[in-house]
Amino acid sequence: MSLPDELDRIFDADRALRNAESTLLAGRDSEQLMVLLEHETEHALHMADRKEGTMRLERLADLCAQIPGPRMTDVLIAILNDGEPRVRVAAGEALRDVGYERYAEVARGVERALDRDAAGLAMSELPWVLAEIAEPSALPLIRRFLDHPDADVVAAAIEALAQLQDPEALGDLERFVNDSRVVIIEDFDEETRTTLGELAADALQMLGQAPRTED
């Protein structure tokens, strides 16, 4: 098969995918669709074939984001908890895109996760999603992550507050400047060990405030 033919196969496959997705979503009951997507998400999260599971979860994240309602947000947060970085990127981007248009749905989903004391990778990703959307209620929601028992979640919240650049977060950050809990910050392929106190101090400097430490 020639190179142009191979390229045409890619175009044909992409067209077929878009048509199949439109057919699935068009004129269907949202509740019925979410039952299906929830079931398939649960299956994909536990597939022994992780390559297949990853592919399905990436597609499911995109599909879920197109169906309004609270169950959509809960499923996306479940996908965000997957161990594969590609899957978390897909779920995080889906939540962010939904948040730009239907922020209340995302905010209530985050509140539900916090209310049930959820744990796992998703809780370290959600503060970033909220900071990127940057709605007025982002600050009080991110504050709730600061009280999470997992230091990695607290670290994500501290960094998200730095990104949010809201002066009202100064007091939240100052209470961590003496926190000696160690966390590992991943930056692409590099990992850095630091403390919550050091993260808070850096965040305060980003907000133009010198950290006040205890003697």
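Quick note: the coordinates plus some simple rules give every number you see, no bench work behind them. Source: prediction; values computed, not measured. Here Cβ is always computed from backbone atoms with ideal geometry, including for glycine, and neighbour counts include all displayed protein chains.
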If you stretched the chain out fully between Ile10 and Val35, how much longer would it get, using 0.36 nm times the residue separation minus the C-alpha to C-alpha distance?
5.9 nm
So if each residue of separation counts as 0.36 nm, and I subtract the Cα-Cα distance between Leu114 and His43, what length gain in nm does that give?
23.1 nm
Of the peptides 114-123, 199-208, how do they stack up when ordered by the mean number of other Cβ atoms within 10 Å, highest first?
199-208, 114-123
Helix-only CD estimate at 222 nm, as mean residue ellipticity for the chain, using -39500 (n - 2.57) per DSSP H run (n ≥ 4)
-21500 deg cm²/dmol
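May I ask you to derive the FRET efficiency for Glu52 and Arg86 from their Cβ-Cβ distance with R0 = 22 Å, giving the value to the nearest 0.05?
For R0 = 22 Å, the calculated efficiency reads 0.95.
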Charges at C-beta only: +1 for Lys and Arg, -1 for Asp and Glu. How large is the resulting dipole of the chain about its Cα centre, in Debye rounded to 20?
500 debye
First check a/c for the range 105-176, with a ≥ b ≥ c the square roots of the eigenvalues of its C-alpha gyration tensor; if it is under 1.5, answer rounded, and if not, answer prolate when a/b is larger than b/c or oblate otherwise.
oblate
Treating only the Cβ of Lys, Arg, Asp and Glu as charged (+1, +1, -1, -1), what charge dipole size does the range 123-215 show about its Cα centre? Round to the nearest 20 debye.
360 debye
Through the Karplus equation 6.51 cos²θ - 1.76 cosθ + 1.60, θ set to phi - 60°, convert the phi angles of the range 156-171 into ³J(HN,Hα) values in whole Hz; use x for Gly and Pro.
4, 5, 4, 5, 5, 5, 4, 5, 5, 6, 9, x, 5, 7, 4, x
Ranking request for peptides 25-36, 136-147, 90-101: highest mean number of other beta-carbon atoms within 10 Å first, then the rest in descending order.
90-101, 136-147, 25-36
Search the structure for amide H atoms under 5 Å from the amide H of Val183, placed 1.01 Å from N in the peptide plane, and list their residues when 5 or more places away or on another chain.
Thr194, Thr195, Leu196
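To the nearest 20 Debye, how big is the dipole of the range 30-118 about its Cα centre, given +1 on the beta carbon of each Lys and Arg and -1 on that of each Asp and Glu?
Roughly 140 debye, rounded to the nearest 20.
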Between 0 and 90°, nearest 10: helix 121-133 axis offset from the chain longest Cα axis
90 degrees
So what does the Cα-only Debye profile of the range 30-118 read at q = 0.12 Å⁻¹, as log10 I(q)/I(0), no solvent term?
-0.31
